[in-house]
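Visitor: One structure follows; several queries about it will come next.
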Amino acid sequence: MTARRSSRLRPRSRRAWLAALVLACSAAPVRALAQEGEDEEGGFDSFAEHIANSMAPTWGGPRTPWPERRPRPEAAGVLRAPLAPVAVQVGPGVEPALAERAVDALARAHDWMARHDWPMPVPDGGYGGTAGFDLYLVPSPLPPEAPGAEPTASDEEPAPERAAWVSYDAPVHWRALDTVDAFGVIATDRVDPARIEPCVVSTYVRGALLSHDPAEARAWRLATGDFVAFLLTGRFGCSDEGIVSQQRQSWRTWIGHAPVSGEGGALFLAMLSARTDGLTGDFIRDLWSGAAQLTWEGDELRASPDMWQVVHTVMEVGQDPLLRLLEEMGVSRYFAGAEERAAAANLPVLRELPDEASVPVLATTAFENLPRRFEPHGLELEPLGSAYVLVDTAEAPPGSRLRIWLRGEYGVRWALSAVRLGEDGAERGRTRAPVRTTMPRSYIPLELTDGETARVLVVVTNLGGRLVDADDPDDQVRSFRLILDKVVPGDEGDAPPG
């Protein structure tokens, strides 16, 4: 008798059939995509890339473009340092003696940074015919429109024609963090030969920092390069123009987005270093080690943390708040420049600034002419910028009081300080009002009872409503109003006049 075949699947066969069905269903979308994309090159690759991107972490914070890439200038010869991986590429017409001084300064900068564990530029793979860092000395400046020149700015604030700049050839992908190779260029016609050494040191440091952290703002590299040049040579970079401009335009931020920002910030770093590491530069070096990052996806660089964020965080952890430090810097920078001011400076670095590096005094008045109201028409303070008013109190009767009211625009925090100065211009004492976070109003009743106060310096500083970002234009520019009044023995009341 012939056995009948069962229409039902055996258990083992049923399991095999279900497994095959699952595999077929899961593979169906892939086969369908491959069939649909057979006529389109890379159809399957596109699908795989989409799956990979959907599973990878993405950066949702701020981004910044890659630094502008500029071509290397032409060189007629090269001068290598014998014991350091650095070389000077010499353009036609450059004096041999100048090139020799430049290569000696370049080797000195390399040696100092290596011994103090600063970031070093990565090898450039043979660009320029050398394996190390190349510094180009060109005989004449590049025109503003030419590749390699400083980027142009608005008519209101044109970019300065700098004597030195740094650029790179290509990103370095084998490093753990964002890195590029780098080289430097100095236009010898823009540099006083007596300043070639600090100019070379500054340019090398800027190149090393560009290589170490291409996402950081150029202004921070400029400031740090000139600061290290001061440590090694006693001079701030290629010229004193940046420091002088920063002092004479005291309403500007220290290190910001503006094209003119950068070199003047070296004074900020010098004062910060004097407070934290005794002008060894170690604290500033460590700040740079905390700002580097890795961009793992996207066409632009990850822009956080930046240097202002690192400074703020480190100072907070050290229980030395950045805002308090900036308030003190606003006062300290007054004692610089002119001889009568610099003689009273509490920091040696301030006494070494040029005579013209004096902050402007917004207004002067005498105690007997009060009350006075000062509305600085046309003067607005950028975040971290300061303004100054002097009051002559030599004729104030014993037991008098100087009353100071500050009314600032909303949106930022304001610092108000009153410094008592003696006949010799030295500080005799200081009073500060609490920084207001909501109501932009401050008041100082200053007692003039010591008999030694010849003048009172009133300092107003815009501390901003948030951290400065040197990658973006700032919208924290604000104006203020000062009201000064006097109280002599026998007067009553503390209400502001008017």
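Visitor: In this structure, does LEU384 turn out to be open to solvent by less than 60 Å² (accessible area, probe 1.4 Å) and either more than 29 Å from ALA258 (Cα to Cα) or among the aromatic types (Phe, Trp, Tyr) (or both)?
Guide: Working: open to solvent by less than 60 Å² (accessible area, probe 1.4 Å): yes; either more than 29 Å from ALA258 (Cα to Cα) or among the aromatic types (Phe, Trp, Tyr) (or both): no.
So LEU384 fails the test.
Visitor: A follow-up question, please. So, in region 326-367, how many residues would count as being assigned to a helix (DSSP H, G or I), surrounded by fewer than 17 Cβ atoms within 10 Å (Cβ to Cβ) and touching a Phe, Trp or Tyr at 6+ places or on another chain (Cβ under 6 Å)? Explain how you work it out, then say what you get.
Guide: Applying the first criterion (assigned to a helix (DSSP H, G or I)) to region 326-367 yields 326-332, 339-342, 348-351, 367.
Remaining after also requiring surrounded by fewer than 17 Cβ atoms within 10 Å (Cβ to Cβ): 339-340, 348, 351.
From what's left, touching a Phe, Trp or Tyr at 6+ places or on another chain (Cβ under 6 Å): none.
Total meeting the criteria: 0.
Visitor: While we're looking at this one, here's another question. Given the condition over 23 Å from TRP308 (Cβ atoms) and open to solvent by less than 10 Å² (accessible area, probe 1.4 Å), answer yes or no: does some residue in region 470-479 qualify?
Guide: Checked region 470-479: no residue is over 23 Å from TRP308 (Cβ atoms) and open to solvent by less than 10 Å² (accessible area, probe 1.4 Å).
Visitor: Which condition number does GLN309 fail, the rest of (1) crowded, with 18+ Cβ neighbours inside 10 Å; (2) farther than 20 Å from THR453 by Cα; (3) in contact (Cβ under 8 Å) with a residue 60 or more places away in the chain; (4) touching a Leu at 6+ places or on another chain (Cβ under 7 Å) being met?
Guide: It fails just one condition, (1).
Visitor: Pick from LEU322, LEU406: which is over 22 Å from the mean Cα position of the chain (by Cα) and of a type in the set (A, V, I, L, M)? Write out each step before concluding.
Guide: Numbers: LEU322 fails: over 22 Å from the mean Cα position of the chain (by Cα).
Answer to the selection: LEU406.
Visitor: Let me ask something additional. Open to solvent by 10 Å² or more (accessible area, probe 1.4 Å), in contact with a Pro (Cβ under 6 Å, 6 or more places away or on another chain), at pLDDT 95 or above and under 29 Å from GLU327 (Cβ atoms): does that describe ARG235?
Guide: yes
Visitor: Only one of these is free of Cβ contacts under 8 Å to residues at least 60 places away in the same chain and touching a Lys or Arg at 6+ places or on another chain (Cβ under 6 Å): ARG221, ARG275, ARG235. Name it.
Guide: Working: ARG275 fails: touching a Lys or Arg at 6+ places or on another chain (Cβ under 6 Å); ARG235 fails: touching a Lys or Arg at 6+ places or on another chain (Cβ under 6 Å).
Answer to the selection: ARG221.
Visitor: Same structure again: State the number of residues belonging to region 235-283 that are out of contact with any helix residue (DSSP H, G or I) (no Cβ under 7 Å at 6 or more places or on another chain), more than 21 Å from ARG218 (Cβ to Cβ), assigned to a loop (DSSP other than H, G, I, E, B) and not small (Gly, Ala, Ser).
Guide: Of the residues in region 235-283, 2 are out of contact with any helix residue (DSSP H, G or I) (no Cβ under 7 Å at 6 or more places or on another chain), more than 21 Å from ARG218 (Cβ to Cβ), assigned to a loop (DSSP other than H, G, I, E, B) and not small (Gly, Ala, Ser).
Visitor: Can you tell me which residues in region 409-424 are more than 31 Å from the chain's Cα centre (by Cα) and either open to solvent by 10 Å² or more (accessible area, probe 1.4 Å) or β-branched (Val, Ile, Thr) (or both)?
Guide: We begin by selecting, within region 409-424, every residue more than 31 Å from the chain's Cα centre (by Cα); these are 420-424.
Result: ARG420, GLU423, ASP424.
Visitor: List the residue pairs whose Cβ atoms are under 9 Å apart, where the first residue sits in region 105-117 and is free of Cβ contacts under 8 Å to residues at least 60 places away in the same chain, the second is of a type in the set (A, V, I, L, M, F, W, C) and in a loop (DSSP other than H, G, I, E, B), and the two are 6 or more positions apart or on different chains.
Guide: ALA107/ALA81; ALA107/LEU83; ALA107/ALA84; ASP111/LEU83; ASP111/ALA84; ALA114/ALA84; ALA114/MET120
Visitor: Within region 426-469, count every residue that is outside any loop (DSSP other than H, G, I, E, B), surrounded by fewer than 17 Cβ atoms within 10 Å (Cβ to Cβ) and small (Gly, Ala, Ser).
Guide: Summing the residues that are outside any loop (DSSP other than H, G, I, E, B), surrounded by fewer than 17 Cβ atoms within 10 Å (Cβ to Cβ) and small (Gly, Ala, Ser) in region 426-469 gives 1.
Visitor: From the list LEU446, LEU463, pick out the single residue that is under 30 Å from ALA338 (Cα atoms), among the hydrophobic types (A, V, I, L, M, F, W, C) and touching a residue at least 60 places away in the same chain (Cβ under 8 Å).
Guide: Sole residue among the options that is under 30 Å from ALA338 (Cα atoms), among the hydrophobic types (A, V, I, L, M, F, W, C) and touching a residue at least 60 places away in the same chain (Cβ under 8 Å): LEU463.
Visitor: Taking region 284-306, which residues are in a helix (DSSP H, G or I) and of a type in the set (D, E, K, R)? Please lay out each step first, then the result.
Guide: Taking region 284-306 as the starting set, the residues that turn out to be in a helix (DSSP H, G or I) are 284-289.
ARG285, ASP286 - these are the residues of region 284-306 that are in a helix (DSSP H, G or I) and of a type in the set (D, E, K, R).
The values are calculated or read from the model by the stated rules, or taken from the named source; none is laboratory data. Because the structure is a prediction, the values reported are computed rather than measured. In this analysis, Cβ positions are derived from the backbone assuming ideal geometry, glycine residues included, and neighbour counts consider all displayed protein chains. These accessible areas exclude ligands, DNA and RNA; they are computed on the full protein's heavy atoms, side chains included. Shrake-Rupley method; radii C 1.70, N 1.55, O 1.52, S 1.80 Å.
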